[in-house]
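Inspection log for the structure reproduced underneath, given as structure tokens.
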Amino acid sequence: SAVISQKPSRDICQRGTSLTIQCQVDSQVTMMFWYRQQPGQSLTLIATANQGSEATYESGFVIDKFPISRPNLTFSTLTVSNMSPEDSSIYLCSVERGAQETQYFGPGTRLLVL
Amino acid sequence: DQQVKQNSPSLSVQEGRISILNCDYTNSMFDYFLWYKKYPAEGPTFLISISSIKDKNEDGRFTVFLNKSAKHLSLHIVPSQPGDSAVYFCAASVWKTSYDKVIFGPGTSLSVIP
């Protein structure tokens, strides 16, 4: 498995502001993934982040709204920009580990936008 | 279009009995299937997986069965314990050029009654 930490664990933000979520992994990984879990729903992949290149976004997600940084092989950030109440979700990062490249998740960041 | 379905949003089982969680998928390109367990305020925890070339994988109290022709998999927990009470996500992955894209089902909330 992997040891993954996220900061902040939770936050309450005002509409129109931005929040940057940090994800730290205990060892180097090639790919990092960012997911969103909206209230009562399942996990949805936002984007994949490969160190040294631009993140790849899934349909429905754009870089202007969710800019991602991947400065090294153990760290990534996701910014939720110009927030609205619809952005209230749990945001999770994950990494692949093992022969089967199973994804392991961080504890998540609970975001509430007022 | 929901590619991974868990038609039971909740399930209650008596302690010591078997819990059976079901999952159906639509995409025949999925080659790897996973189950995750999620407690409130925590990230999903990897539980067990199965490759598409197998029909059964067992790990302690947890067994996953795959029926490719029916595009169906199930997770058996026996005997069920109160600590198993959590939301269980079925997930399926498909290779996307440079990474495994994992698609999650909506989850089944399991309650194990002492």
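The values are calculated or read from the model by the stated rules, or taken from the named source; none is laboratory data. What you are looking at is a predicted structure, and each value in this text was computed from that prediction instead of being measured. In this analysis, Cβ positions are derived from the backbone assuming ideal geometry, glycine residues included, and neighbour counts consider all displayed protein chains. Calculation scope for accessible area: heavy atoms of the full protein, side chains included, ligands and nucleic acids excluded. Shrake-Rupley method; radii C 1.70, N 1.55, O 1.52, S 1.80 Å.
Averaged over the residues of peptide B:98-105, the number of Cβ atoms from other protein chains lying within 10 Å of each residue's Cβ is 6. Each residue of segment A:27-41 is assigned a 3J(HN,Hα), and the resulting list reads 8, 5, 9, 6, 10, 10, 10, 10, 10, 10, 10, 6, x, x, 10 Hz, derived from the Karplus form 6.51 cos²θ - 1.76 cosθ + 1.60 (θ = phi - 60°), x at Gly and Pro.
Could you give the length gained on full extension between B:Gln14 and B:Thr26, defined as 0.36 nm per residue of separation minus the Cα-Cα distance, in nm?
Numbers: separation 12, 0.36 × 12 = 4.32 nm, distance 3.15 nm.
Computed gain between B:Gln14 and B:Thr26 is 1.2 nm.
Each residue of segment B:81-90 was assigned a 3J(HN,Hα) from its phi angle through the Karplus expression (A = 6.51, B = -1.76, C = 1.60, θ = phi - 60°), giving 10, x, x, 7, 4, 5, 9, 10, 9, 8 Hz with x at Gly and Pro.
Give me the inter-chain shielding for A:93-106: mean count of other chain Cβ atoms within 10 Å, whole number please.
Mean inter-chain Cβ contacts per residue within 10 Å come to 4.
The phi torsions of segment B:43-58, fed into the Karplus equation with coefficients 6.51, -1.76 and 1.60 and a -60° offset, translate into couplings of x, x, 10, 5, 10, 6, 9, 8, 7, 5, 8, 10, 10, 7, 9, 10 Hz, rounded to whole numbers, with Gly and Pro shown as x. Cysteines of the protein assembly as shown lacking any other cysteine Cβ under 4.7 Å from their own Cβ: A:Cys13. Using a probe of 1.4 angstrom and keeping all protein chains present, the accessible surface of segment B:1-57 works out to 55 square angstrom per residue. Computed extension length for B:Glu42-B:Ser109: 22.7 nm, one decimal, from 0.36 nm per residue of separation with the Cα-Cα distance subtracted.
Computed from label points 7 Å out along Cα-Cβ, the spacing between B:Ser69 and A:Arg15 is 5.6 nm. With a 1.4 Å probe, how much accessible area is buried between chains B and A, both sides summed, in Å² to the nearest hundred? Summing both chains' loss of accessible area gives about 1600 Å². Across segment A:8-27, the residues whose backbone nitrogen lies under 18 Å from the label position 7 Å along the beta-carbon direction of A:Asn82 are A:14-20. Around the amide H of A:Met31, modelled in the peptide plane, lie the amide H atoms of A:Glu96, all under 5 Å away and 5 or more residues distant in sequence or on another chain. Between amide H atoms placed 1.01 Å from N, distances below 5 Å from A:Ile46 occur with A:Trp34, A:Tyr35, A:Arg36, all of them 5 or more places distant or on a separate chain.
Starting with the highest mean, order A:55-61, B:19-25 by the number of other Cβ atoms within 10 Å, averaged over the residues of each peptide.
Taking the mean over residues of other Cβ atoms within 10 Å, the ranking is B:19-25, A:55-61.
Neighbouring Cβ atoms from other chains, within 10 Å of the Cβ of residues in A:19-25, number 0 on average.
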